[in-house]
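For reference, the structure discussed in these notes is given below.
The values are calculated or read from the model by the stated rules, or taken from the named source; none is laboratory data. Being a predicted model, the structure only gives us computed values, none of them experimental. Virtual Cβ from ideal backbone geometry, glycine too; neighbours counted across all protein chains shown.
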Amino acid sequence: MSKPCSKCKGEMSPGIHESFHGEEGGLRVTIRDMPYVACAEGHKRFVSVAFAGELLDLLRSPGTFQGIPTATKKGLFRKSYLCPDCTRELPESPTGQREQDVSAELGKAQPFKVVLSIPVYKCGSCGEEYIRSVEETGTLAFKATDHAYRSIDIHPS
Ligand SMILES: [Zn+2]
Ligand SMILES: [Zn+2]
């Protein structure tokens, strides 16, 4: 039996949330079939206190962007990003999106799927697409996931 609803003291029952999403700086996170609990009034809670943070950590971790090559960073104050193959400077703005599927297996929760649509920068010489850095993309993914949580008004406790 799970703890009653913190807002109305109603009984919480488990469910699978319909697809929801959040966006930050051109990066879009779509969270599909996420397990959660809710009361009859529709107040939503994550399946555990740790769950929300674990999903944020997963989606910003470097391993999540492994499928997409990373640019070479140059300069300390004015940063520029170069194609690691032909050293040409990458465009200032994203030139496209790449999709990355992530399977989320968090604690005892039922596994579910997240799709990230990630802004990429195409090299004008060789045509390869890059993210600028795992840190930058991770920060966008973190913020986009936080927006996604807010969009469905779900809370850790
Ligand atoms: Zn409630
Ligand atoms: Zn290139």
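May I ask you to verify whether residue 117 is part of a strand (DSSP E or B), free of Cβ contacts under 8 Å to residues at least 24 places away in the same chain and more than 16 Å from ligand 1 (Cβ to nearest atom)? So residue 117 does not fit the description; no. When the range 109-157 is limited to residues that are within 13 Å of the chain's Cα centre (by Cα) and of a type in the set (Lys, Arg), the one that is farthest from residue 2 (Cα to Cα) turns out to be 143. Filter the range 122-148 down to residues that are within 16 Å of ligand 2 (Cβ to nearest atom) and out of contact with any Leu (no Cβ under 9 Å at 6 or more places or on another chain) and give me whichever is nearest to residue 24 (Cα to Cα). Here the residue is 131. The strands (runs of 3 or more DSSP E) located wholly in the range 6-106 that include 1 or more residues which are within 16 Å of ligand 2 (Cβ to nearest atom) occupy 72-74, 80-82, 96-104. Name the single residue, out of those in the range 1-27 being among the hydroxyl-bearing types (Ser, Thr, Tyr) and within 16 Å of ligand 1 (Cβ to nearest atom), that is modelled with the lowest pLDDT. Applying the filter and picking the extreme gives 2. Name the pairs whose Cβ atoms lie under 8 Å apart, with the first residue in the range 4-15 and exposed (fewer than 13 other Cβ atoms within 10 Å of the Cβ), the second of a type in the set (Val, Ile, Thr) and in a loop (DSSP other than H, G, I, E, B), and 6 or more positions between them or separate chains? Between residues of the range 4-15 that are exposed (fewer than 13 other Cβ atoms within 10 Å of the Cβ) and residues that are of a type in the set (Val, Ile, Thr) and in a loop (DSSP other than H, G, I, E, B), the close pairs are 14/47.
Filtering 144, 109 for residues that are surrounded by 18 or more Cβ atoms within 10 Å (Cβ to Cβ) and either in a strand (DSSP E or B) or modelled with pLDDT of 95 or more (or both) leaves a single hit, 144.
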